[in-house]
Amino acid sequence: MGGLLSSEESKPEPRPEPLLPNPWREVEFSDDAYMKLQEEIKNHQPHSNSKASRTNILLSGNVGSGKSSFLNSVLSELRREEFNSRVQSLQAVRPGAQTSVTQHLRCHKFIDKIKIFDTAGFELEKTVNSTIILKKIIDGEVAEGTKFDDILKSKMEGDKIHCVVLVISLHTAENMDLALIRFYEQFIGMLTETEVPCKLLVTFVDKLVENTEDLKDLYRRRDIKQKIENVAKKIRISMNNVLVVSNYFEEIRINQIKGTLLLEAVGQMLTAAKSFQERM
Ligand SMILES: Nc1nc2c(ncn2[C@@H]2O[C@H](COP(=O)(O)OP(=O)(O)OP(=O)(O)O)[C@@H](O)[C@H]2O)c(=O)[nH]1
Ligand SMILES: [Mg+2]
């Protein structure tokens, strides 16, 4: 009995994760920086050389990766005054679903010049069709509200996409199915041909920190960097195209640290979209 107790007592305290001397990305978490991001997004205009009247962003990725949650989180940030800083939910989210909860091409126009499209998550057995479906959406051949099962049968007018965002949750990325990795590679290959910019949005990063405050050190955490590098390498996307967030999932009020990461991610998407619009 005594032996057991002493071995418990001598158990070392869990050591904090090692930090890199310098962050691999500079993000400022001050009030000013947060307000600047809000303003930048609210004042966004599509590139003046392009015919686009709005900037269209498409969220894609496997089932449960946090696409709809990202949309809800960004909505909560951008309309925080209207909603009294309470987290809003426009799109249905469901924990642990095997098949996609999102079944229609859903679009949300948070502010006049930006539209974000939410799609059904990839299901492995349907990946052949997924690439064709996503290509049709990106080319502007699918109308908003169309059921995913009907997309292959129809040809309609939709909005051309200016930036594609692949959403992957960090905690499942490590055990990604080989078939899913192949699919992502193929999908990114298709995007490279169309020249539409592609960003990788890594979600669920909160699973690797003790509390929200620790997210400030996100870009100094050696272990997190390593995990993200592994995912980026697997699906062949460069690290400067990676965005990292933690969506709202249990909070009822928005939080400035999470908000800064969410808005910074949107800002990066808009910059990439604008440079594509210039070349369109
Ligand atoms: N901890 C944590 N949970 C998250 C995060 N993002 C989403 N979730 C949770 O993950 C579950 C699935 O999220 P959804 O947003 O529905 O995922 P989705 O990609 O839209 O899924 P489909 O529409 O089914 O393809 C929900 O229970 C969310 O609350 C995150 O960043 N951190
Ligand atoms: Mg969804």
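Odds and ends about this structure:
- Order of exposure, largest accessible area first, which applies to PHE83, PHE70 with probe 1.4 Å: PHE83, PHE70
- With the whole protein complex present, LEU208 retains an accessible surface near 50 Å², based on a 1.4 Å probe.
- Sequence-distant lysines (8 or more away, or on other chains) whose Cα lies within less than 26 Å of LYS51: LYS42, LYS109, LYS113, LYS115, LYS135, LYS136, LYS155, LYS160, LYS199, LYS274
- Dipole magnitude of the chain, debye to nearest 20 (Cβ charges: Lys/Arg +1, Asp/Glu -1, about Cα centre): 780
- Computed over protein heavy atoms with a 1.4 Å probe, the carbon and sulfur contribution to the accessible area of the chain reaches 48%.
- Rounded to 5, the percent of DSSP beta bridges in the chain classed as antiparallel: 25
- When the residues ILE168, ILE254 are ordered by accessible surface, computed with a 1.4 Å probe over the protein chains alone, the sequence from largest down reads ILE254, ILE168.
- Largest-first ordering by accessible area, 1.4 Å probe, given options ARG220, ARG253: ARG253, ARG220
- Tensor-based shape of the range 53-205 (alpha-carbon gyration tensor, a/c under 1.5 rounded, otherwise prolate or oblate): oblate
- SER100 - accessible surface, heavy atoms, 1.4 Å probe, Å² rounded to 10: 10
- Per residue accessible area in Å² of the range 35-112, where ligands, DNA and RNA are left out and the probe is 1.4 Å: 49
- Less than 5 angstrom separates the built amide H of VAL244 from those of VAL202, all sequence-distant by 5 or more or on a different chain.
- In summary, the aspartates and glutamates within cross-link reach of LYS234, defined as a Cα separation below 15 angstrom excluding same-chain residues under 8 places away, comprise GLU174, ASP177, GLU185.
- Solvent-accessible area per residue in the range 159-210 equals 41 Å², computed with a 1.4 angstrom probe and all protein chains kept.
- Taking θ as phi - 60° and the Karplus parameters 6.51, -1.76 and 1.60, the scalar couplings of the range 222-234 work out to 4, 5, 5, 4, 4, 5, 5, 4, 4, 5, 4, 5, 4 Hz in sequence order, x denoting glycine and proline.
- For the chain, the C-alpha radius of gyration divided by 2.2 N^0.38 Å, with N the number of residues, is 1.06.
The values are calculated or read from the model by the stated rules, or taken from the named source; none is laboratory data. The structure displayed is predicted, hence computed values, not measured ones. Reconstructed Cβ throughout: ideal geometry from the backbone, glycine too, with neighbour counts over all protein chains shown. Ligands, DNA and RNA are stripped out before the accessible areas are found, and what is left, the full protein with its side chains, is counted by its heavy atoms. Shrake-Rupley method; radii C 1.70, N 1.55, O 1.52, S 1.80 Å.
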